[in-house]
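Colleague: If you scroll down you'll find the structure; I have some questions about it.
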Amino acid sequence: MRAQDVLPDDVNEVEVGGITVRKGSVGAFLANARVLQDLTASTEARTAAVGHIEALAPALRALGLFDVLEVRDPQLRALVALPAPAPSAPAPGPGRTDAPDLNALYAPPSEMIQKAVLDRLIGFHESYLKAATFFCLATGSGQGLDASPRGGPPGFVHVLDAHTVAFADWPGNNRIESLRNLERDDRVGMLFIFPGLEVFLRINGRGRVSTAPELLAELAEQGRTPKAATVVAITEVLMHCGKAVNCARLWAPASQVDRTALPTVGQMLSELTRLGGATAPIGDEQVGQINAHYDHEVRHALY
């Protein structure tokens with residue numbers, strides 16, 4: 001089939017399933033997709049491209065484009081995806097009659113709370129990200145969920161535009177579980193904690209691993225360039241109240257944990273060695289050496 005067999009030269013649009021599809025829709029989608037993937041494109045250009053793609057999405061779905069071709073970029077995939085249907089309450093299990101009615105237990109969030117949940121960053125979000133030094137990253141896969149800490153100097157999570165952030169991956173224990181999860185499931189959650197403040201920042205979105213040289217150069221720290229970075233296309237961003245901070249008395253000096261009150265890294269390794277049935281368990285002298293090594297590495301081997 002040739003292009004003119006789909007839409008002859010004298011026809012500019014066609015109706016598919018009640019949706020009008022204009023000639024050039026696929027070409028326009030590809031052109032706007034290239035703008036989103038261009039890290040040098042201006043915020044205005046990328047914002048306009050997002051609007052164009054959202055307007056094109058119903059026609060492209062009607063054509064069945066995404067039934068044949070898979071969109072690999074997470075931000076594009078989120079923009080053209082069908083809105084998720086509202087989940088229905090699961091039926092109680094056999095013999096179970098105590099499933100709570102959450103709508104009866106909890107009042108709906110206020111209008112202000114609902115309006116504060118956005119799909120893009122605005123000024124105060126960026127201000128907090130410039131100060132952020134720590135967040136927890138949540139990812140998932142068919143095997144389950146994972147949460148891991150991420151830290152760096154203020155602003156180590158870079159704002160690429162109002163819809164996209166990125167951060168470097170630095171050496172850890174080489175499990176790289178978050179990166180592997182993103183290969184199978186691109187959903188991510190980011191919870192930012194600000195020492196001394198009673199507020200959190202939350203970002204939910206779609207993540208992908210990138211090794212683009214220009215991005216890695218932008219994310220370099222202390223003269224080191226990361227091997228990879230995670231790019232997150234934001235689907236939801238909100239500020240979260242800090243009641244949990246006060247419940248935990250997290251920033252109170254009296255809440256600091258006494259290091260001697262809990263097992264050290266060396267003691268934990270010693271116990272794991274015994275659990276593994278080692279014939280020569282770790283002795284007290286080795287425990288001390290392991291603790292000293294860990295204390296040095298965790299502070300100085302950052303990159």
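Read-outs throughout are calculated quantities, based only on the coordinates presented, and are distinct from any laboratory measurement. Because the structure is predicted, anything quoted here is derived from the model rather than measured. Cβ sites come from the backbone with ideal geometry, for glycine too, and all protein chains shown count toward neighbours.
Colleague: Looking only at L121, L105, L219, which one moves most when the chain is put into a Gaussian network model with springs between Cα atoms under 10 Å?
Modeller: Most flexible of the set in this elastic network: L105.
Colleague: For the chain, what is the mean residue ellipticity at 222 nm derived from helices alone (per DSSP H run of n ≥ 4: -39500 (n - 2.57); sum divided by total residues; nearest 500 deg cm²/dmol)?
Modeller: Values: 13 runs with 115 residues, N = 303.
Calculated from helices alone, the mean residue ellipticity at 222 nm is -10500 deg cm²/dmol.
Colleague: Pull out the extension gain between R34 and A99, defined as 0.36 nm times the separation in residues minus the alpha carbon to alpha carbon distance; nm, one decimal.
Modeller: Values: separation 65, 0.36 × 65 = 23.40 nm, distance 4.80 nm.
Between R34 and A99, full extension yields an extra 18.6 nm.
Colleague: Take every Cα pair under 8 Å in the stretch 3-80 that's 6+ residues apart, average their separations, divide by the length, and report that relative contact order as a whole percent. Write out the running numbers ahead of the final one.
Modeller: Details: 57 pairs, mean separation 21.9, N = 78.
Averaging sequence separation for qualifying contacts and normalising by length gives 28 percent for the stretch 3-80.
Colleague: May I ask for the net charge around G144, where only other residues with Cβ less than 11 Å from the Cβ of G144 are counted and Lys, Arg are +1 while Asp, Glu are -1? Numbers along the way, then the final one.
Modeller: Numbers: positive: none; negative: D146, E177, D185.
So the environment of G144 carries a net charge of -3.
Colleague: Rounded to whole Å, give me the distance from the Cα center of the stretch 211-265 to that of the stretch 1-44.
Modeller: So the separation of the two Cα centres works out to 41 Å.
Colleague: When the chain is fully extended, how far beyond the present Cα-Cα distance does Q143 get from E236, taking 0.36 nm per residue of separation? Show your work: numbers first, answer last.
Modeller: Working: separation 93, 0.36 × 93 = 33.48 nm, distance 2.46 nm.
Full extension from Q143 to E236 adds 31.0 nm.
Colleague: Ok, one more. At 7 Å along the Cα-to-beta-carbon direction for both I113 and A131, put a label point, then send me their distance in nm to one decimal.
Modeller: 2.4 nm
Colleague: Could you work out the relative contact order of the chain, using alpha carbon pairs under 8 angstrom and six or more residues apart, expressed as a whole percent?
Modeller: Numbers: 376 pairs, mean separation 41.0, N = 303.
Relative contact order, the chain: 14 percent.
Colleague: Could you check the spin-label model distance between V6 and R249? Points 7 Å from the Cα along Cα→Cβ, value in nm.
Modeller: It works out to 6.7 nm between the two label points.
Colleague: Can you pull the Kirkwood radius for the stretch 109-247, inverse mean 1/r over Cα pairs, to one decimal in Å? Please report the intermediate quantities before stating the final value.
Modeller: Numbers: mean 1/r = 0.0642 Å⁻¹.
That comes to 15.6 Å for the stretch 109-247.
Colleague: Another question, then. Apply the a/c threshold of 1.5 to the C-alpha gyration tensor of the stretch 257-300 and tell me whether it is rounded, prolate or oblate. Don't jump to the answer; show the numbers that get you there.
Modeller: Details: a/c = 2.33, a/b = 1.60, b/c = 1.45.
Prolate, because a/c is 1.5 or more and a/b exceeds b/c.
Colleague: Which distance in nm do the two modelled labels at R175 and V14 give, with both placed 7 Å along the Cα-to-Cβ direction?
Modeller: Those two pseudo-labels are separated by 5.2 nm.
Colleague: Just check the stretch 98-190 against the gyration tensor rule for me: Cα atoms, a ≥ b ≥ c as the square roots of the eigenvalues, rounded for a/c under 1.5, and otherwise prolate or oblate depending on whether a/b exceeds b/c. Show your work: numbers first, answer last.
Modeller: On the way: a/c = 2.38, a/b = 1.23, b/c = 1.94.
Oblate shape, in that a/c is at least 1.5 and b/c is the bigger or equal ratio.
Colleague: Rounded, prolate or oblate: which one fits the stretch 168-303, using the alpha carbon gyration tensor with axes a ≥ b ≥ c (rounded when a/c is under 1.5, else prolate when a/b beats b/c, else oblate)? Could the numbers behind the result be given before it?
Modeller: Numbers: a/c = 2.04, a/b = 1.34, b/c = 1.52.
Verdict is oblate for the stretch 168-303.
Colleague: Got a sec? How would W170, W251 order by Cβ neighbour count within 10 Å, fewest to most?
Modeller: Numbers: W170 19, W251 15.
Ordered by Cβ neighbours within 10 Å, fewest first: W251, W170.
Colleague: Which of these, A33, A292, A212, has the largest mean-square fluctuation under a Gaussian network model of the chain (Cα springs below 10 Å)?
Modeller: Answer for the Gaussian network model of the chain: A292.
Colleague: Another question, if that's okay. Which residue, F167, F134, F194, has the most motion in a Gaussian network model of the chain that connects Cα atoms within less than 10 Å?
Modeller: Between F167, F134, F194, it is F194 that shows the largest mean-square fluctuation.
Colleague: Something else: May I ask you to derive the relative contact order of the stretch 109-247, considering only C-alpha pairs under 8 Å and at least 6 residues apart, and to give it as an integer percent?
Modeller: On the way: 270 pairs, mean separation 39.0, N = 139.
This gives 28 percent for the stretch 109-247.
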